[in-house]
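A.B. asks: For reference, the structure I am asking about is given below.
The values are calculated or read from the model by the stated rules, or taken from the named source; none is laboratory data. No experiment lies behind these values; they were computed from the predicted model shown. All Cβ positions, even for glycine, are placed from backbone atoms using ideal geometry, and neighbour counts span all protein chains on display.
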Amino acid sequence: MIRLEHVSMKFNLGIEKEYSIKEAFINFFKPKKNKKKKEVFWALKDVSFSVKKGEVIGLIGSNGAGKSTLLKTVSGVLKPTKGKIIVNGVISPMIELGAGFDAELTARENIYLNGAILGYSKEFLDEKFDEIVEFSELKDFLDAPVRNFSSGMTAKLAFSIATIVNPEILIVDEILSVGDIKFQEKSKNKMLEMIKGGTTVLYVSHSLDSIRELCDRVIWLEHGEIVKMGDTEQICKEYYRKQMGKELKEKAD
């Protein structure tokens, strides 16, 4: 269903910006040894794994480990610097909920805008409109501009639109923490429903409890590299011990 072969992702981090034509001209004639080089950051380094149809794979790791970058490369948002990604199936990415919204438009208008971005037809959205509104719990705010929404309200609306169909492949980045506790439970149940329906899932979360509950296998990333992958319970235990040991060491220092 999904296969990554030696995938690496590089970002160039510019340290020094040339603010004018004059500065650019001066820098051009500077000796090379005096010029500041651009920092290169490898967010992913030689990552390889495969996901079978219907599998739920959890991605864990510290902040900056490369989890979100990995999801974006699989989703096609980013093109890897090296390596190959093969995806067989239609992807529904839930990486940055609400990224496709226009803040000046109402919730009603954004349902059609965001739905179109996700590839849904107007006829389909007409048919599913009431269902989207009911799930989002935003019936009283349909004609309010999204700019007036809280981040939780925006995420509710985006999640409700994105999950109106059961996709073949679901790419999920920490979405089970959006909204209030009641909506978090609804989101989790919706995901479980999709998983039972055979959806293949790549799921990033800092919640080891939700990883344990949902995932068949786990991939542990650190500094863009795979530390370990395999049994969910075993790797979650190892990751937890490592994180707690690191935390105790930092407190001691």
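A.B. asks: Here are some residues: 136, 210. Which one is free of Cβ contacts under 8 Å to residues at least 40 places away in the same chain, farther than 23 Å from residue 59 by Cα and among the hydroxyl-bearing types (Ser, Thr, Tyr)?
C.D. replies: Numbers: 210 fails: farther than 23 Å from residue 59 by Cα.
Going through 136, 210 in turn, the sole match is 136.
A.B. asks: Regarding region 55-63, can at least one residue be identified that is at pLDDT below 95 and either surrounded by fewer than 16 Cβ atoms within 10 Å (Cβ to Cβ) or over 18 Å from residue 191 (Cβ atoms) (or both)?
C.D. replies: Step one: of region 55-63, the residues at pLDDT below 95 are 62-63.
Narrowing the set further to residues that are either surrounded by fewer than 16 Cβ atoms within 10 Å (Cβ to Cβ) or over 18 Å from residue 191 (Cβ atoms) (or both) leaves 62-63.
The answer is yes, given that some residue of region 55-63 is at pLDDT below 95 and either surrounded by fewer than 16 Cβ atoms within 10 Å (Cβ to Cβ) or over 18 Å from residue 191 (Cβ atoms) (or both).
A.B. asks: Just give me the residues in region 130-165 being surrounded by fewer than 18 Cβ atoms within 10 Å (Cβ to Cβ) and either within 15 Å of residue 186 (Cα to Cα) or within 25 Å of the chain's Cα centre (by Cα) (or both), in sequence order.
C.D. replies: Of all residues in region 130-165, those surrounded by fewer than 18 Cβ atoms within 10 Å (Cβ to Cβ) come to 130-131, 134, 137, 139-140, 142-145, 147-148, 150-152, 165.
Passing the criteria: 131, 134, 137, 147, 148, 150, 151, 152, 165.
A.B. asks: Pick from 219, 195, 211: which is hydrophobic (A, V, I, L, M, F, W, C), part of a helix (DSSP H, G or I), at pLDDT 90 or above and within 27 Å of residue 73 (Cβ to Cβ)? Lay out the reasoning, then the answer.
C.D. replies: Working: 219 fails: part of a helix (DSSP H, G or I); 195 fails: at pLDDT 90 or above.
Just a single option satisfies the conditions, and that option is 211.
A.B. asks: Quick one: in region 160-213, of everything that is of a type in the set (Asp, Glu) and in contact with a Gly (Cβ under 8 Å, 6 or more places away or on another chain), which residue is farthest from residue 90 (Cα to Cα)? Don't jump to the end; show me each part of the working.
C.D. replies: Narrowing region 160-213 to residues of a type in the set (Asp, Glu): 168, 173-174, 180, 185, 193, 209, 213.
Filter once more, keeping what is in contact with a Gly (Cβ under 8 Å, 6 or more places away or on another chain): 168, 180.
Values: 168: 6, 180: 30 Å.
This residue is 180.
A.B. asks: Oh, and also: Kindly indicate which of 167, 145 is touching a residue at least 40 places away in the same chain (Cβ under 8 Å) and over 24 Å from residue 76 (Cα atoms).
C.D. replies: Numbers: 167 fails: over 24 Å from residue 76 (Cα atoms).
The match here is 145.
A.B. asks: Among the listed residues 205, 160, 187, identify the single one that is touching a helix residue (DSSP H, G or I) at 6+ places or on another chain (Cβ under 6 Å), modelled with pLDDT under 85 and not hydrophobic (A, V, I, L, M, F, W, C).
C.D. replies: Working: 205 fails: modelled with pLDDT under 85; 160 fails: modelled with pLDDT under 85.
Sole residue among the options that is touching a helix residue (DSSP H, G or I) at 6+ places or on another chain (Cβ under 6 Å), modelled with pLDDT under 85 and not hydrophobic (A, V, I, L, M, F, W, C): 187.
A.B. asks: Can you name the condition, by its number, that residue 201 falls short on among (1) assigned to a helix (DSSP H, G or I); (2) closer than 20 Å to residue 57 by Cα?
C.D. replies: (1)
A.B. asks: Further question on the same structure: Pick out, from region 67-143, the helices (runs of 4 or more DSSP H) lying fully within it that include 1 or more residues that are under 30 Å from residue 223 (Cβ atoms). Please lay out each step first, then the result.
C.D. replies: Values: elements: 67-75, 107-117, 122-136.
Qualifying helices (runs of 4 or more DSSP H): 67-75.
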